[in-house]
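The next block holds one structure in the form of structure tokens; read it before the comments.
The values are calculated or read from the model by the stated rules, or taken from the named source; none is laboratory data. Note that the structure is predicted; figures quoted are calculated from it, not measured. All Cβ positions, glycine included, derive from the backbone under ideal geometry; neighbour counts span all protein chains shown.
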Amino acid sequence: MSARLSGSLQATAEALAGGKTSSLALVEAAIARHERYGAALGAYKTWDAEKARLQARAADAAFASGAVTGPLQGIPISVKDLYGVKGWPTFAGTAKRLPTAWESEGPVIATLRRQLGVVMGKSHTVELAFGGLGVNPHWGTPSNPWDARAHRIPGGSSSGAGVSL
């Protein structure tokens, strides 16, 4: 099966539903891309390839049984480190891990989970998402991927999310 990480979300969802690719193939491609560029770009605060593989296998098993859970089923996704995701620490761009209550999943992540979207990791954000440049003095600033020679700011409080795409 081929795995294309480029293209529209709709085309990727259709390829998954049509059996032209698998969630695991997409996740493996995302892992390979992260291994190649992740250290230089710094998009993620936390990353877990094994968790992503497990989620991808579950999405693929659902497809194989004929279950379609929604348009995000099997899609590799980065989650901004402001949202609670069970089993993942939340820093929200601050210097220290927030209390575990911040790991409770709200409606956005609950919807993602119901649809069997695949959480690859939690992306960097500015401290408490309060800033428009993407700069974080505690964890570093992700690099804008469009200029490999100069470290350019990626912009926005969702700086890591933009770079992860």
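A few remarks follow.
- Selection within the stretch 65-110 - out of contact with any Asp or Glu (no Cβ under 7 Å at 6 or more places or on another chain), small (Gly, Ala, Ser) and within 22 Å of Leu5 (Cβ to Cβ): Gly70, Ser78
- Among residues of the stretch 68-88, those that are closer than 20 Å to Ala43 by Cα and under 14 Å from the mean Cα position of the chain (by Cα), counted: 12
- Single residue of the stretch 125-160 satisfying the filter (among the aliphatic types (A, V, I, L, M) and assigned to a loop (DSSP other than H, G, I, E, B)) that is farthest from the chain's Cα centre (by Cα): Ala150
- With respect to the stated conditions, Ala95 is more than 17 Å from Ala43 (Cβ to Cβ) and at pLDDT 95 or above.
- Check on Thr46, among the hydroxyl-bearing types (Ser, Thr, Tyr), under 30 Å from Ala150 (Cα atoms) and modelled with pLDDT of 95 or more: yes
- Scanning the stretch 107-165 for residues that are on the phi > 0 side of the Ramachandran plot and of a type in the set (S, T, N, Q) yields no hits at all.
- Among the criteria (1) at positive phi; (2) more than 15 Å from the chain's Cα centre (by Cα), the one Ala101 does not fulfil is (1).
- The stretch 111-159 - residue that is of a type in the set (Gly, Ala, Ser) and surrounded by fewer than 14 Cβ atoms within 10 Å (Cβ to Cβ) and, of those, modelled with the highest pLDDT: Gly140
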